[in-house]
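Notes to accompany the following structure.
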């Protein structure tokens, strides 16, 4: 028996590694692109692209430019999701990565405000819009590749490969910025900030090669509606709205926890290098915790892990700020570790939890459109809103804590309203929903 089990386990392990590299590594590169922009917006861009403001207001404007990329994400989710459902995942996953990498590289090539004036921030916003469009199709396709190739009972774990990729991308991006902040400030603000963007553009080539070697899928037109997203909106409006709410709540919390916290640490007197090292500790904790939380959801269900983890996350922010305020490095590091462990609870489960809500024919469109709409409304405004609240409350973080708590409540309530699907076989996911939707369409037509 031992001889027959081992090859199966080895094959499954090899498949998991291959799937992680395709879905997780690609998302790591995508999130690296976003994290380095977030750090640059907090540390460098106020003086490079938005001079004339004091640092905090300049940071607010830079974060607004950061948020502009989220505007295009729902459109990207709809466009790439449509073709992902109609012709397959592979070509869309390659294309999104190429666009993301090109935009990242070009941001590193932009001239400063002092060189070309207002054209510089306009070009930043333009490239951020292109990045956001590509990112809109990246996450959904990468998540579904893991979920749809997972063994039964492990969709949570395999779906979390994208979430782990977020942690790895954040860790790598944070690590790169931590290194360049060790350089003199003049070098950092003149040329060194460009290095992470150039590096991200070049690393995308590795992900493109990996995805180009994915097996070619058969055409999916016979399984997909003519316009998948419209089909889902018509048949399942409740699930679509609840999924948007989950994405809104999570992305609000995630971008406060990963981007705004950099600014907050600096406002409290931490050096750039110190705040970066805190982020490294948090990213390591997140990357380790994500698969643990996802595997737990395979055993006890998605809802308990998502809801309890989210409520604990929202509540912890009221302890997080005092822990950082003391400027005791050990205590601050613990705060960053804990906030990232709690962040991993919803994030580790969300790819499988949302993907399992929809049938295969419209799954890419549905998960991409809902998640990216929530990300645009929540994540796109989180860092800006949190910075504005910090200003409005004269440096008191209580406003940010209340804002985080409200987002956590939205996430928890919307997750409660979705179906628990962790025990449903992969082939049957969304089948009941599809039949219910078809029955509803028939009844509506009869009534008319």
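If I filter the stretch 129-145 for residues that are farther than 18 Å from residue 34 by Cβ and out of contact with any strand residue (DSSP E or B) (no Cβ under 6 Å at 6 or more places or on another chain), do I get at least one hit?
yes
Can you tell me which residues in the stretch 305-323 are surrounded by fewer than 17 Cβ atoms within 10 Å (Cβ to Cβ) and either free of Cβ contacts under 8 Å to residues at least 60 places away in the same chain or touching a strand residue (DSSP E or B) at 6+ places or on another chain (Cβ under 6 Å) (or both)?
308, 312, 319, 322
Show me the helices (runs of 4 or more DSSP H) found entirely inside the stretch 257-338 where at least 2 residues are farther than 23 Å from residue 188 by Cβ and modelled with pLDDT of 90 or more.
272-300, 302-325
Being out of contact with any helix residue (DSSP H, G or I) (no Cβ under 8 Å at 6 or more places or on another chain) and surrounded by fewer than 24 Cβ atoms within 10 Å (Cβ to Cβ) narrows it down to one residue among 181, 190; which is it?
Criteria check complete, one pass: 190.
Of the conditions (1) at pLDDT 80 or above; (2) assigned to a helix (DSSP H, G or I), residue 111 clears all except one; give me its number.
Residue 111 satisfies all of (1) at pLDDT 80 or above; (2) assigned to a helix (DSSP H, G or I) except (2).
Scan (1) in a helix (DSSP H, G or I); (2) closer than 30 Å to residue 429 by Cβ; (3) more than 20 Å from the chain's Cα centre (by Cα) for the single condition residue 156 breaks and write down its number.
Tallying (1) in a helix (DSSP H, G or I); (2) closer than 30 Å to residue 429 by Cβ; (3) more than 20 Å from the chain's Cα centre (by Cα), residue 156 fails exactly one: (3).
Among the residues of the stretch 393-411 satisfying the criterion of being loosely packed, with under 14 Cβ neighbours inside 10 Å and in a helix (DSSP H, G or I), which is modelled with the highest pLDDT?
406
The values are calculated or read from the model by the stated rules, or taken from the named source; none is laboratory data. All values derive from a computational prediction rather than experimental measurement. FYI the Cβ positions are ideal-geometry reconstructions off the backbone, even for glycines, and counts take in every protein chain you see.
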